[in-house]
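Engineer: One structure follows; several queries about it will come next.
The values are calculated or read from the model by the stated rules, or taken from the named source; none is laboratory data. Keep in mind that what you see is a predicted model, and the values were worked out from it rather than measured. Here the Cβ positions follow ideal geometry from the backbone for every residue, glycine too, while neighbour counts run over all protein chains shown.
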Amino acid sequence: MESEIRKLRAALARRESGRGRRFAPELRRQNLRRRAAISQRRCELARDWRDAGLPTATTQTPDGRLTWRRRSRTSRGGSVMAFSRTLAIVAAPPADELTARMVGIGMNFAAEPRVDADIESTLLHASELGMLAGDLRVLSVLTTWMGVHHARVNADRLVRLVGEHAAERVRAYWSAVAVWLGKDRRLARLVKAYGGAPVDLLPTGNAFQLARRGADERFIGSKLRVPRGTLRDRPDDVLTPEALVRRHAAYRNRVLMGPTWRADVWTVLERDPELAVAEIARRASCSFATAWQTVQDFRLMRQAPLLTDDTKPAFAK
């Protein structure tokens with residue numbers, strides 16, 4: 001009781017000294033009237049500006065001058081980025097065209113090579129042919145190719161293409177490949193591309209063949225159950241790295257620069273150096289910034305004088 005009396009006396013003392021005047025009812029009413037007048041004035045100004053044809057988008061603040069900004073041209077349709085790296089899922093090419101692309105990246109089939117074939121999309125379409133259409137010969141050669149050339153694959157691009165694929169069997173295959181090639185840590189993200197139940201390679205008789213022959217050592221511990229001998233592994237089914245360097249320009253640039261977006265942009269520039277940067281980025285499926293920086297370096301190399309025997313470093317002589 002005594003403590004409540006002391007609190008009441010302290011409140012009365014503050015009220016008499018002026019410290020509590022801002023809590024008085026009459027002062028609260030004055031503040032409300034002042035705010036209402038400010039709001040009314042703002043509405044009048046906005047109406048005058050609208051009648052005069054001026055922008056009316058405003059930024060409301062509790063106090064201070066009324067501010068406005070011009071409306072962005074993209075505001076009506078939402079914010080728009082100038083460019084972002086996008087990988088469109090393209091439909092599989094016709095059978096003859098896919099065969100030519102596979103030959104172009106070093107798979108030994110009886111066809112004329114498409115030497116400018118995109119590596120990652122060709123690998124993805126080849127896995128579709130093997131896992132969805134049941135073409136075990138193509139799947140065998142594809143698996144051998146990955147064993148020989150996986151170090152030259154643009155892992156970022158392959159991971160994104162596989163991750164966006166709708167077929168679980170295709171994702172299960174690439175997840176199994178990543179388990180097999182576990183020493184290549186760039187492919188580790190592919191393991192998570194499929195997290196469902198184990199998938200049988202053969203539509204019928206897969207369990208019988210596993211019990212009879214055993215499992216393919218390359219896919220043990222993965223989500224793909226492959227009987228031994230179903231996917232043959234013959235090195236002669238694919239080109240060697242030395243031969244593929246001579247055939248495929250993008251592969252050669254990846255050997256020189258690493259399997260990066262920069263190497264792919266460089267390949268596009270070698271084919272058509274006059275392309276616009278945005279078109280180069282689209283063809284290489286990379287960001288605008290990566291394409292722009294590579295274009296600057298490419299033009300610098302074209303403008304720089306060639307090295308002579310006198311200017312070559314010691315290791316290059």
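Engineer: Based on this model, can you work out whether residue 189 counts as within 18 Å of residue 224 (Cβ to Cβ), over 22 Å from the mean Cα position of the chain (by Cα) and either crowded, with 23+ Cβ neighbours inside 10 Å or without any contact (Cβ under 8 Å) to a residue 60 or more places away in the chain (or both)?
Structural biologist: no
Engineer: All but one of (1) part of a helix (DSSP H, G or I); (2) without any contact (Cβ under 8 Å) to a residue 60 or more places away in the chain; (3) of a type in the set (Lys, Arg) hold for residue 218; state the number of the condition that does not hold.
Structural biologist: Just one mismatch for residue 218, condition (2).
Engineer: Ok, one more. Look at residue 243 and say whether it is over 30 Å from residue 209 (Cβ atoms), loosely packed, with under 15 Cβ neighbours inside 10 Å and either under 29 Å from the mean Cα position of the chain (by Cα) or not charged (D, E, K, R) (or both).
Structural biologist: Against the criterion (over 30 Å from residue 209 (Cβ atoms), loosely packed, with under 15 Cβ neighbours inside 10 Å and either under 29 Å from the mean Cα position of the chain (by Cα) or not charged (D, E, K, R) (or both)), residue 243 qualifies.
Engineer: Could you list, in sequence order, the residues of region 221-266 that are acidic (Asp, Glu) and free of Cβ contacts under 8 Å to residues at least 12 places away in the same chain?
Structural biologist: Answer for region 221-266, where residues must be acidic (Asp, Glu) and free of Cβ contacts under 8 Å to residues at least 12 places away in the same chain: just 242.
Engineer: Condition check: more than 20 Å from residue 202 (Cα to Cα), in the same structural domain as residue 222 (by TED's automatic domain parsing) and either in contact with a Leu (Cβ under 6 Å, 6 or more places away or on another chain) or surrounded by fewer than 22 Cβ atoms within 10 Å (Cβ to Cβ) (or both). Does residue 169 satisfy that?
Structural biologist: Against the criterion (more than 20 Å from residue 202 (Cα to Cα), in the same structural domain as residue 222 (by TED's automatic domain parsing) and either in contact with a Leu (Cβ under 6 Å, 6 or more places away or on another chain) or surrounded by fewer than 22 Cβ atoms within 10 Å (Cβ to Cβ) (or both)), residue 169 does not qualify.
Engineer: Let me spell it out: the conditions are (1) exposed (fewer than 14 other Cβ atoms within 10 Å of the Cβ); (2) part of a helix (DSSP H, G or I), and residue 273 meets all of them except one. Which number is the exception?
Structural biologist: (2)
This table checks each residue for (1) modelled with pLDDT of 95 or more; (2) at negative phi; (3) in a helix (DSSP H, G or I).
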position: 259; (1), (2), (3): yes, yes, no
position: 263; (1), (2), (3): yes, yes, yes
position: 266; (1), (2), (3): yes, yes, yes
position: 299; (1), (2), (3): no, yes, yes
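Engineer: Is region 243-257 home to any residue that is touching a Leu at 6+ places or on another chain (Cβ under 8 Å) and aliphatic (A, V, I, L, M)?
Structural biologist: Looking through region 243-257, none of the residues is touching a Leu at 6+ places or on another chain (Cβ under 8 Å) and aliphatic (A, V, I, L, M).
Engineer: On to the next question. So which residues in region 70-108 are aromatic (Phe, Trp, Tyr) and at pLDDT 95 or above?
Structural biologist: none
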